[in-house]
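Reviewing the structure listed below.
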Amino acid sequence: MGSFPSLPGRCAPGIVKTTIISTGEEIIRGRTADTNAAFLAAQLAPAGFDVRRILAVGDDPDLLREEIASSAADSALVVITGGLGPTADDRTRRAIAEALGRVLTEDADSRRCLEERLRSFGRQMTPGHLMQAMFPEGSTVFPNPRGSARGFACQAQGTWVVAMPGVPAEMLPMFTETVLPFLLDRLTPGRHVRMEAVSIFPASESEVDERIADISAHGRNPSIGITVKDGVVSVSVRAWADDAADAERLLAADLETLTERFGDRIFGRGPATLADAVRELLERRGMTIAVAESVTGGLVGHMLTDVPGISRAFVGGVIAYADEVKVSRLGVPPGEIERHGAVSPQVAESMARGVCRLTGAHLGLSTTGIAGPTGGTVEKPVGLVYVGVCLEGETLSLRLGLRGDRWQIKDRASKHALNAARLALLRGMCALRSGTSG
């Protein structure tokens, strides 16, 4: 195909237009989730690179070559993952060479390292292995101590093309340790970018969108993005300026606006979970927590124990699915279940008190409800859940009306339980008295 054309404005001052390409039939056929592109976009954007598009391409060499040439024609940086291995379907290095009009040449150090690696496994060099020591002429080669496929970067007509292995365990450290510093040294973005995301619960996407409509217009700086995952709404803020301090001020102003509008429903920033927020508050107050679960079947405890360091605060829990276990292990009065039913505020509160009494924890959480798809009635429909909270002897319950399938109801109930614990620790039990609903 030869070299790609040089387009005016491709490298406009201060803007490093970037394209990410993930290769492999396993990606376009849906057999493998493309986590590489998400990682790269999340890393490149805060560093000032303007990611314009993300592409997924199979192992067709002609199509791959065309996409590389097309992307390089309007981007200052093209980052490619996958297709650098020794098998017949690993065609990325040749496609890059052809798209840039380069020949493949052998890198002596790469060949030596490859031979040593193969010998350590008791294997012999094959033509396929040797291809891993071949790179487009003039490339900078990146080491790969975790695998045999080295990465590389080459430049043509103002565009840098970077290729890395597709295995995440190899690509992620290669990018952070070697590739990103290399790019920042050669493609220093002309603007400073600051990014932050806040997580909100409980809230719907439409409610959040409506309440921040005035600051989320297209083209505004900072830019605002809204995503929803498993009932948690995340609002990301991305500010940019020629001066780092100006970018920081723009970001801080929008974060303050979000805090004013959503208050205590903002439970964390970045990747923080509700369980992370609970752990932090427990440690800050020197308290412990225990759980008594019926409808959630241990999911609240699972979410808590997913948090590193939770052992300093999490005492344990009881999965009391059967009424007999609620009575024998948690001390729920049998008459309470007979009068009100297992799915009731009275039983939820007794379960929370009981797990505190059983474990000695300062804070007890309980869940009881109907996850469906069967078992609901007119009085107690599917999705009815009660969360019990007992904090140092003071007890109350929350009534939730949740929607969704069985898993969604269990997941949302668990998050509401953790959120109730968070608010009780943050503001006291008075913060929960008004109740909440799904």
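The values are calculated or read from the model by the stated rules, or taken from the named source; none is laboratory data. All figures in this text were calculated on a predicted structure; none of them were measured in a lab. For neighbour counting, all protein chains shown are included, and Cβ atoms are generated from backbone atoms with ideal geometry for every residue, glycine included.
Would you confirm whether or not region 30-49 contains a residue that is buried (at least 19 other Cβ atoms within 10 Å of the Cβ), touching a helix residue (DSSP H, G or I) at 6+ places or on another chain (Cβ under 6 Å), at pLDDT below 90 and of a type outside the set (A, V, I, L, M)?
Looking through region 30-49, none of the residues is buried (at least 19 other Cβ atoms within 10 Å of the Cβ), touching a helix residue (DSSP H, G or I) at 6+ places or on another chain (Cβ under 6 Å), at pLDDT below 90 and of a type outside the set (A, V, I, L, M).
So for region 235-242 (the condition being within 30 Å of residue 326 (Cα to Cα) and in contact (Cβ under 8 Å) with a residue 60 or more places away in the chain), does at least one residue qualify?
Within region 235-242, not a single residue is within 30 Å of residue 326 (Cα to Cα) and in contact (Cβ under 8 Å) with a residue 60 or more places away in the chain.
Within region 184-220, count every residue that is in a helix (DSSP H, G or I) and over 14 Å from residue 48 (Cα atoms).
Residues in region 184-220 being in a helix (DSSP H, G or I) and over 14 Å from residue 48 (Cα atoms): 10 in total.
Every residue in region 179-203 that is polar (S, T, N, Q) and modelled with pLDDT under 95, please.
The one that is polar (S, T, N, Q) and modelled with pLDDT under 95: 188.
Conditions tested, residue by residue: (1) under 11 Å from residue 418 (Cβ atoms); (2) in contact with a helix residue (DSSP H, G or I) (Cβ under 7 Å, 6 or more places away or on another chain).
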site: 279; (1), (2): yes, yes
site: 292; (1), (2): no, yes
site: 296; (1), (2): yes, yes
site: 305; (1), (2): no, no
site: 313; (1), (2): no, yes
site: 319; (1), (2): no, no
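On the basis of being surrounded by fewer than 18 Cβ atoms within 10 Å (Cβ to Cβ), more than 36 Å from the chain's Cα centre (by Cα), assigned by TED's automatic domain parsing to the domain that holds residue 68 and not hydrophobic (A, V, I, L, M, F, W, C), does residue 177 make the cut?
no
Given the options 105, 87, name the one that is farther than 21 Å from residue 171 by Cα and of a type in the set (Ser, Thr, Tyr).
105
Yes/no matrix, rows are residues, columns are (1) closer than 30 Å to residue 399 by Cβ; (2) surrounded by 20 or more Cβ atoms within 10 Å (Cβ to Cβ):
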| site | (1), (2) |
| --- | --- |
| 167 | no, no |
| 192 | no, no |
| 202 | yes, no |
| 211 | yes, no |
| 240 | no, yes |
| 250 | no, no |
| 257 | no, no |
| 270 | no, no |
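Test residue 53 against the criterion of being within 20 Å of residue 20 (Cα to Cα), surrounded by fewer than 15 Cβ atoms within 10 Å (Cβ to Cβ) and in contact with a Ser or Thr (Cβ under 9 Å, 6 or more places away or on another chain), and give yes or no.
yes
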